[in-house]
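Working notes, structure below.
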Amino acid sequence: MDFISILIDWAPYLLTGVFITLGLTAAGLGIGIIMGLPMAIGQVYSTGNWWLDKIIKSFIAVFVWFFRGLPILVLLFLFYFGIFPAIGMGSLAPFFVGAIVLGLRGAAYQSQIFRGAIQSINEGQMTAARSLGMTKLSAIKNIILPQSFRIALPGWSNEYPNILTDSAVCYAIGVAELLTRSSQIVSQTYEASIYFVCAGIFIILNYAGMKGLLALENRIAVPGFSGSGEDNQVFL
Amino acid sequence: MSDEEYILRVEDIHKKYGNSEVLKGVSFNVKKGETLVFIGPSGTGKSTLLRCINQLTVPEQGNVYLRDEEVTNSGAGINYFRQKIGMVFQNFCLFDHLSAVRNVEIALIKVRGMKPEEAREKALYELRQVGMEEWAEHYPAELSGGQAQRVSIARALAMDPDVILFDEPTSALDPELTREVLEVMKKLAQAGMTMLVVTHEMGFACNVANRILFMENGKIVEEGSPTDLLENNESSRTRQFVGGLVMGED
Ligand SMILES: Nc1ncnc2c1ncn2[C@@H]1O[C@H](COP(=O)(O)OP(=O)(O)OP(=O)(O)O)[C@@H](O)[C@H]1O
Ligand SMILES: [Mg+2]
């Protein structure tokens, strides 16, 4: 069989892998932002209760240190073979283990992106909000976060290619994502060129995603915010 | 004179930062519609005093009353008093991600719970008061300093405050822009707004202020009408200081 017919035969199989890869990436970004944002807020602001603050801030610091400090492969093995079996969830499908690990790791990185953005906002914004009678929480929600988002978006966008490419490591615990499926095809057909296809798909996903994020940046851009995407370029 | 006649009373405010006592017992009363101008050397505690009034800074000792209700020690009630005590900052502090009109309406919606259409209408009205209605859809980065400051005055006005605190509202502005902001403030004073203004604009102080309070080392050391302090009393501390300002010795 020639390369083209192999490709056509296996296309549906490969395409499913694309969706699984995108699923892992979406989990990494999604869990990352859902957990990363509150973590960033917890790191920057205080509740006023000394003990509570101490506990929250130490927990976040350890979390970030742990997930940024370990190689992703080590994290995957640790969770897949160690932590999940130990807590009675050893039968959890590899996909979910991969998604959770990418998500928690994403949260650790993204919390620091958002923290930097929040801290870069002039103190006067909070002061002005409070001076109008806003509660601290309302000021964070209505004033600080919308500004932080715009500032953080370019940095946050970079998490997309990072997580997309990292997701291929889930191969190691047997998640049937793009790389895993490519390598299965290669071992069955002896057609190593499939890896070119695999690489090509990653590049396309990368490019399309970055274009989408850039469009989002431009859409929410506000005059005077350096975070706006207008002059940014997509580099492949 | 009974307490009823004062809209704002400030009693014996003390504030320390570490070991240095920045406010050493400051007291004064303000009648409705009065404009008070605070002047004094840098680092004397003028900004700190204003921030103690709306509790952005919490003093160790002393009380503030607005219409006989205690502002100090008001717990969560402080968010009500802060609506009634507006504040205008030296560097405007407009919300950078919001257009001028959104800057003015946001607290109406989020704090007062006003309906968006109603808030928009009120915001546009306040912008008109400061001559900024045509700039409603522009973002802070697109405004001159004077325009930004006028929007920030509209933002404070929108909450229907009893008093507005101005902390050096024109210090960051060119003379040209300073004039347009002072015009707005003068108009407000004439319309009966109660205002506490920290400024070194002596023209404004002489023409608009009912009283000048001269602060030094955390205390009010002189207090009186502009005429008393600047014309009648040759040797007043205020006059010496103002003379220094003119000579550029501040
Ligand atoms: N948050 C703070 N922490 C520590 N010290 C402070 C703080 N805020 C003000 N101070 C100190 O308190 C003193 C009074 O400051 P304040 O800003 O009230 O003076 P000011 O009269 O407004 O001066 P200026 O004319 O320069 O604005 C200064 O010595 C200042 O350094
Ligand atoms: Mg000051």
Quiz prompt | Residue within segment B:114-128 that is within 14 Å of chain A (Cβ to nearest Cβ) and within 15 Å of the chain's Cα centre (by Cα) present | solution = no
Exercise. Quick one: which residue in B:136, B:158, B:141, B:189 is away from ligand 2 (no atom under 16 Å from the Cβ) and crowded, with 24+ Cβ neighbours inside 10 Å?
Key: B:158
Exercise. Could you tell me which of the residues B:62, B:86, B:113 is at pLDDT 95 or above, away from ligand 2 (no atom under 16 Å from the Cβ) and in contact with a His (Cβ under 8 Å, 6 or more places away or on another chain)?
Key: B:62
Quiz prompt | Test: residue in segment B:23-31 that is touching a Ser or Thr at 6+ places or on another chain (Cβ under 9 Å), more than 13 Å from ligand 1 (Cβ to nearest atom) and away from every other protein chain (no Cβ under 14 Å) | solution = yes
Quiz item: Quick one: which helices (runs of 4 or more DSSP H) sit completely within segment B:138-250 and have at least 3 residues that are within 14 Å of another protein chain (Cβ to nearest Cβ)?
Solution: B:145-157
Quiz item: Has segment A:89-102 got at least one residue that is hydroxyl-bearing (Ser, Thr, Tyr) and within 22 Å of the chain's Cα centre (by Cα)?
Solution: no
Self-check item: Qualifying position, being β-branched (Val, Ile, Thr) and farther than 30 Å from residue B:182 by Cβ, among B:72, B:48
Solution: B:72
Quiz item: Can you tell me which residues in segment A:133-160 are aliphatic (A, V, I, L, M) and open to solvent by 20 Å² or more (accessible area, probe 1.4 Å)?
Solution: A:137, A:145, A:151
Quiz item: Quick one: would you say residue B:179 is in contact with a Ser or Thr (Cβ under 7 Å, 6 or more places away or on another chain) and away from ligand 2 (no atom under 16 Å from the Cβ)?
Solution: no
Self-check item: residue B:22 vs. criteria of a type in the set (Val, Ile, Thr) and within 16 Å of ligand 2 (Cβ to nearest atom)
Solution: yes
Practice problem: Can you give me the number of residues within segment A:146-158 that are within 14 Å of residue A:37 (Cα to Cα) and more than 10 Å from chain B (Cβ to nearest Cβ)? | Solution: 4
Practice problem: With the condition kept exactly as written, say whether any residue in segment A:209-216 is at pLDDT below 90 and either open to solvent by 60 Å² or more (accessible area, probe 1.4 Å) or within 14 Å of chain B (Cβ to nearest Cβ) (or both). | Solution: yes
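Matching residues to (1) open to solvent by 60 Å² or more (accessible area, probe 1.4 Å); (2) in contact with a helix residue (DSSP H, G or I) (Cβ under 6 Å, 6 or more places away or on another chain); (3) within 26 Å of residue A:119 (Cβ to Cβ):
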position: A:2; (1), (2), (3): yes, no, no
position: A:6; (1), (2), (3): no, yes, no
position: A:9; (1), (2), (3): yes, no, no
position: A:30; (1), (2), (3): no, no, yes
position: A:35; (1), (2), (3): yes, yes, yes
position: A:42; (1), (2), (3): no, yes, yes
position: A:73; (1), (2), (3): yes, yes, no
position: A:76; (1), (2), (3): no, yes, no
position: A:79; (1), (2), (3): no, yes, no
Quiz item: For segment B:145-201, how many residues meet the condition of being within 16 Å of ligand 1 (Cβ to nearest atom) and among the small types (Gly, Ala, Ser)?
Solution: 2
Quiz prompt | From A:178, A:236, residue being modelled with pLDDT under 90 and either under 25 Å from residue A:97 (Cβ atoms) or of a type in the set (A, V, I, L, M, F, W, C) (or both) | solution = A:236
Quiz prompt | Yes/no for residue A:181 being within 14 Å of chain B (Cβ to nearest Cβ), in a helix (DSSP H, G or I), touching a residue at least 12 places away in the same chain (Cβ under 8 Å) and charged (D, E, K, R) | solution = no
Practice problem: Filter segment B:27-50 down to residues that are under 22 Å from residue A:131 (Cβ atoms) and among the basic types (Lys, Arg) and give me whichever is nearest to ligand 2 (Cβ to nearest atom). | Solution: B:46
Exercise. Provide a single number: the residues in segment B:4-19 that are within 16 Å of ligand 2 (Cβ to nearest atom) and among the hydroxyl-bearing types (Ser, Thr, Tyr).
Key: 1
Practice problem: Could you tell me whether residue B:104 is of a type outside the set (Ser, Thr, Tyr), at pLDDT 95 or above, within 16 Å of ligand 1 (Cβ to nearest atom) and within 21 Å of residue A:127 (Cβ to Cβ)? | Solution: no
Exercise. Mind listing whichever residues of segment B:77-103 are within 18 Å of residue A:223 (Cα to Cα), in contact (Cβ under 8 Å) with a residue 40 or more places away in the chain, of a type outside the set (S, T, N, Q) and not in a loop (DSSP other than H, G, I, E, B)?
Key: B:100
Quiz prompt | Of all residues making up segment B:39-87, the number that are within 16 Å of residue B:17 (Cα to Cα), within 14 Å of chain A (Cβ to nearest Cβ) and either surrounded by 23 or more Cβ atoms within 10 Å (Cβ to Cβ) or aliphatic (A, V, I, L, M) (or both) | solution = 4
Quiz item: Between a first residue in segment A:1-26 that is over 18 Å from residue A:176 (Cα atoms) and a second residue that is in a loop (DSSP other than H, G, I, E, B) and of a type in the set (Gly, Ala, Ser), which pairs have beta carbons less than 6 Å apart while being 6 or more apart in sequence or on different chains?
Solution: A:3/A:193
Practice problem: Tell me which of these residue A:91 doesn't satisfy, since it passes every other one: (1) open to solvent by 60 Å² or more (accessible area, probe 1.4 Å); (2) at pLDDT 95 or above. | Solution: (2)
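The values are calculated or read from the model by the stated rules, or taken from the named source; none is laboratory data. Just so we're clear, the structure is a prediction, and the values are computed from it rather than from any experiment. Cβ sites come from the backbone with ideal geometry, for glycine too, and all protein chains shown count toward neighbours. In case anyone asks, the SASA skips ligands and DNA or RNA and just uses the protein heavy atoms, side chains included. Shrake-Rupley method; radii C 1.70, N 1.55, O 1.52, S 1.80 Å.
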